[in-house]
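For reference, the structure is listed below as structure tokens.
The values are calculated or read from the model by the stated rules, or taken from the named source; none is laboratory data. All values reported here derive from a predicted model rather than from experimental measurement. Positions of Cβ are backbone-derived with ideal geometry, glycine not excepted, and every protein chain shown enters the neighbour counts.
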Amino acid sequence: MTSAEPYFASHPAAGAVLALAGVALVSSEIWIGRRHRAPESRDRGSGLAVGLGLLVAYLGGLAVSLLVPATVITTGAGWVFVAGLTIAVAGQGLRLRAVHELGASFTFGVQTKAGQRVVDTGLYRRIRHPSYTGALICAFGFTIAYTNWLSPLAVGGLVLGYAVRIPYEERVLADGLGDPYREYMRRTKRLIPFVF
């Protein structure tokens, strides 16, 4: 009896599609970083926490899918693969939309600028960090596309990264933007509208 392989490993075309999706994701993040540089980032290690969380989610999930054949999804794996990539695209689309809506205020670093205002329209009307929500959805989609029941657990690494980043970022924004941001925090949720 041969051990099961994840769908992308046993179907070369799916492997190529997954690789292209990964390149597209990294390219879009590089594009965001170049357009939204942070001249004075004060992230106090929270950026590193998110970076490590991304590595755990994407590479850890990939490693699990390849190294733990007992939990590889075999029934309907092609559909699971397509569903995962569809979720990933939707998540990255949400993230890119959030970046666009925040405009010049969006940076990879934690900072505020003189004259910066609280953005509370569009995606930001109900949640404070839609770009992080999008990133989590995207990572979850990729780990589903890895077609291993255990791979989505790796997204927990990114959840932990944001658990470090978000409280720190909100303290900086509340200090820098004052009462308008504190009021915004009172009427919105962090990542999921009406829930959390």
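Details
- Those helices (runs of 4 or more DSSP H) of the range 110-196 in which at least 3 residues are modelled with pLDDT under 95, out of contact with any Gly (no Cβ under 6 Å at 6 or more places or on another chain) and among the aliphatic types (A, V, I, L, M), considering only elements entirely within it, cover 155-177.
- Residue count for the range 176-191, restricted to those that are more than 19 Å from Ile137 (Cβ to Cβ), in contact with a helix residue (DSSP H, G or I) (Cβ under 9 Å, 6 or more places away or on another chain) and of a type in the set (D, E, K, R): 1
- The combined condition, being within 15 Å of the chain's Cα centre (by Cα), surrounded by 15 or more Cβ atoms within 10 Å (Cβ to Cβ) and either among the aliphatic types (A, V, I, L, M) or closer than 29 Å to Val82 by Cα (or both), is not fulfilled by Thr107.
Residue-by-condition table, conditions (1) crowded, with 16+ Cβ neighbours inside 10 Å; (2) in contact with a strand residue (DSSP E or B) (Cβ under 8 Å, 6 or more places away or on another chain):
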position	(1), (2)
Gly45	no, no
Leu48	no, no
Leu55	no, no
Val64	yes, yes
Pro69	no, no
Val72	yes, yes
Trp79	no, no
Thr86	no, no
Val99	yes, no
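- Taking helices (runs of 4 or more DSSP H) as the structural unit, those lying wholly within the range 1-84 and holding at least 2 residues that are touching a Phe, Trp or Tyr at 6+ places or on another chain (Cβ under 8 Å) and modelled with pLDDT of 95 or more correspond to 7-10, 12-35, 61-67.
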